[in-house]
Amino acid sequence: MPETYRFLIMTTDPVHIGTGGMMLGRVDNTIVREPGTKLPKIPATALHGAIRAYAARRYGKLRCAGQGQTEHSNHCGLQKCPICYTFGYSKGSKDSFSGVVSIMDARILLFPVYSMVGPVWVTSAEALRDAGFSNNTSVEENRAKWSGLTDGDFINLGWLMLKKEGNWTPQDDLKNKLPEPVKDRIVLVSSNLFSQIVNSNLEVRTSVAINPETGAAEEGALFTYEAIPRATFLWFDVVVDDFRNAFPSKKIWEELYEEVKEISLPAEITENEIEVESVLKKLGYINKRPIKNKDESEAEFAKRKDEYWEKVQRSYEALKNVMKSLNWNAPIDIVNFGLEWAEHLGIGGMGTRGFGRIKNIDCWRVKEDIGGKR
Ligand SMILES: [Zn+2]
């Protein structure tokens, strides 16, 4: 049976994911939006890419980090690899696997707006309902509901002055998940107005287009683009369908690790290293030890060998670290490992120029599993 986990995240940087991919440029400065509501979103592909890459890095398995089949990414594709098992692998058209998790788009739940009474977070009945939070009220067009915040009957949300329709605070199922300063500063508006408020309060940035050939700024090539601002709360689902029921938990690794955990590298090439090599190979860190090609000089071969032993050593250090610091029993743990690093390294890759950090606020199991579209 598929299991659905819901994540509540908060942006700690402006997040811009363009419609055309992850590169910033004049052609690709349109933020990705939901078709119906026109609300900006973080597309699933960007989340999946970042979560996979960071999870792989935490395991020291850079080869399993990317999309597979590129110069920098060569998925090990082993059943014992938690990264390839969880996110899938591609080793060419004949040998690929789609993985056991589906990560969905992240949608806006609470959007920060500056008001005369300080920052408030705007939401709508539809946004609350879609994220699965209980709510028993709605609000008329061009009115708002809130509690506290002001003594008066009006609140200004950026450019907009709204009259109070009544008192309202979120129910406990949402309130209990929110940070203290946020939970009492939420304003309910209609979904129409929610979309307008979000779209007119996006972070607008100006940047310079870089000529990809020269690496220099193009003259007069300033462009602006929009980003989801800091302190926006979004939610997304991760559907786990572990139909193989063979997830390589830490236990499976421990048996292999037991044989080599006392060894200290570097040393002369000894019998011990051969054991380490064999374990690293079984866990998908390294391939075969290099052998000399006919058309290769001694120097070239020596260089390849050096690189190989360097990788053995690096992988072994990574393995020791993983066994010491991580505990994993299920694919959702691997997703969490990746997401934890997105808190520092952000999503969206280099194209976002250091933007895109997101913080995991909470994760819970959703009872009525929606089932992943695979
Ligand atoms: Zn792998």
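Restricting attention to segment 75-128 and to residues that are within 11 Å of the ligand (Cβ to nearest atom) and basic (K, R), the residue that is farthest from K282 (Cα to Cα) turns out to be K91. Regarding segment 108-116, can at least one residue be identified that is crowded, with 16+ Cβ neighbours inside 10 Å and at pLDDT below 95? Yes.
Here's the yes/no breakdown for (1) more than 29 Å from D105 (Cβ to Cβ); (2) charged (D, E, K, R):
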position	(1), (2)
G132	no, no
S138	no, no
R143	yes, yes
G148	yes, no
D153	yes, yes
K164	yes, yes
D184	no, yes
S191	no, no
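For every residue, the table says whether it meets (1) more than 26 Å from the chain's Cα centre (by Cα); (2) modelled with pLDDT of 95 or more; (3) surrounded by fewer than 11 Cβ atoms within 10 Å (Cβ to Cβ).
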| site | (1), (2), (3) |
| --- | --- |
| V208 | yes, no, no |
| E213 | yes, no, yes |
| L222 | yes, no, no |
| P229 | no, no, no |
| E259 | yes, no, no |
| L265 | yes, no, no |
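Within segment 185-203, residues that are over 29 Å from F223 (Cβ atoms) reach no partner that is basic (K, R) and buried (at least 23 other Cβ atoms within 10 Å of the Cβ) with beta carbons closer than 7 Å at six or more positions or on different chains.
Of the residues making up segment 160-184, those that are in contact (Cβ under 8 Å) with a residue 60 or more places away in the chain, closer than 19 Å to Y114 by Cα and surrounded by 13 or more Cβ atoms within 10 Å (Cβ to Cβ) number 2.
Is it true that Y285 is touching a residue at least 40 places away in the same chain (Cβ under 8 Å) and either surrounded by 11 or more Cβ atoms within 10 Å (Cβ to Cβ) or of a type in the set (A, V, I, L, M, F, W, C) (or both)? Against the criterion (touching a residue at least 40 places away in the same chain (Cβ under 8 Å) and either surrounded by 11 or more Cβ atoms within 10 Å (Cβ to Cβ) or of a type in the set (A, V, I, L, M, F, W, C) (or both)), Y285 qualifies.
The sole residue among P35, P119 that is assigned to a strand (DSSP E or B), more than 30 Å from K311 (Cβ to Cβ) and not basic (K, R) is P119.
The values are calculated or read from the model by the stated rules, or taken from the named source; none is laboratory data. What you see is a predicted model; the values in this text were computed from it and never measured. Note that each Cβ is placed from the backbone with ideal geometry, even for glycine, and that neighbours are counted across all protein chains shown.
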